[in-house]
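The values are calculated or read from the model by the stated rules, or taken from the named source; none is laboratory data. Predicted model, so just to flag it, every value in this text is computed and none were measured. Here Cβ is always computed from backbone atoms with ideal geometry, including for glycine, and neighbour counts include all displayed protein chains. Surface accessibility is based on the protein's heavy atoms, side chains included, excluding ligands, DNA and RNA. Shrake-Rupley method; radii C 1.70, N 1.55, O 1.52, S 1.80 Å.
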Amino acid sequence: LRQWHCTALRLHRMSTERLPDAIAAAAHRFPGLDLSGSGLHTYLLTDGRLAHESHWAESCLAWCCGQGQAVALRHFEATYFPAAREVLRLLNVDAATVEDLLQTLRSRFFVGASPKVLEYAGRGSLEGWVRATAGRLGIDVHRGTKARTEEQLFESACPSQLEVEADRRVYTSAWREAF
């Protein structure tokens, strides 16, 4: 137990020593972010975010977006939404639906008491996470379109209850005579 405690303290010390480098990386890649405050430090020190040096700037950006910083939201949109658009284009989603899905992405990532963007743990690229989420939304659209199409085919093949009642009134007497 004592050895584990010493190892944990050493890792925590190493992590806190890396904080300035992570913040500097974010300031360089995404100028204008407000990277002050202990909330960012706490965020970076949890979930192993500082273990992945190549994603430090993205982790900082995610935290800033979760705080609602307008500059961060603009950086996020300019940097990662083109990739989301590309995924949706590859899935043959029409232009109007692409804009609706991007709005859905904005709402999922940035709105609410605990925005989903704060779940980004920095283990992979933020662009990959955005692309995967956009891809899931695009696939859901195709599933919904397929379901609506099947439903429309069923409705056109099967007469409505009113048509059945009308046919029954017209043909009941003829059926009885024939039988």
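Net charge of the neighbourhood of Ala121, taken over other residues with C-beta under 9 Å away and scored Lys/Arg +1, Asp/Glu -1, is 0.
Tell me, what % of the accessible area of region 28-111 is carbon and sulfur with a 1.4 angstrom probe?
Its accessible area is 53 percent carbon and sulfur atoms.
Using a/c under 1.5 as the rounded threshold, could you call region 12-149 rounded, prolate or oblate? The axes a ≥ b ≥ c are square roots of the C-alpha gyration tensor eigenvalues, and prolate needs a/b larger than b/c, oblate otherwise. Please report the intermediate quantities before stating the final value.
Values: a/c = 2.47, a/b = 2.27, b/c = 1.09.
Judged from the Cα gyration tensor, region 12-149 comes out prolate (a/c at least 1.5, a/b above b/c).
Charged neighbours of Thr79, selected by a Cβ distance under 10 Å, balance to -1 (K, R count +1; D, E count -1). Counted by Cβ distance under 15 Å from Ile23, the other residues give a net charge of -2, where Lys and Arg count +1 and Asp and Glu count -1. Karplus-derived 3J(HN,Hα) values for region 82-93, using 6.51 cos²θ - 1.76 cosθ + 1.60 with θ = phi - 60°, are x, 5, 5, 4, 5, 4, 5, 5, 5, 8, 6, 8 Hz; glycine and proline are entered as x. Per residue, region 45-105 exposes an accessible area of 45 Å² to a 1.4 Å probe, with every protein chain left in place.
Between Arg108 and Ala132, the modelled labels are 1.2 nm apart [label points 7 Å from Cα along Cα→Cβ].
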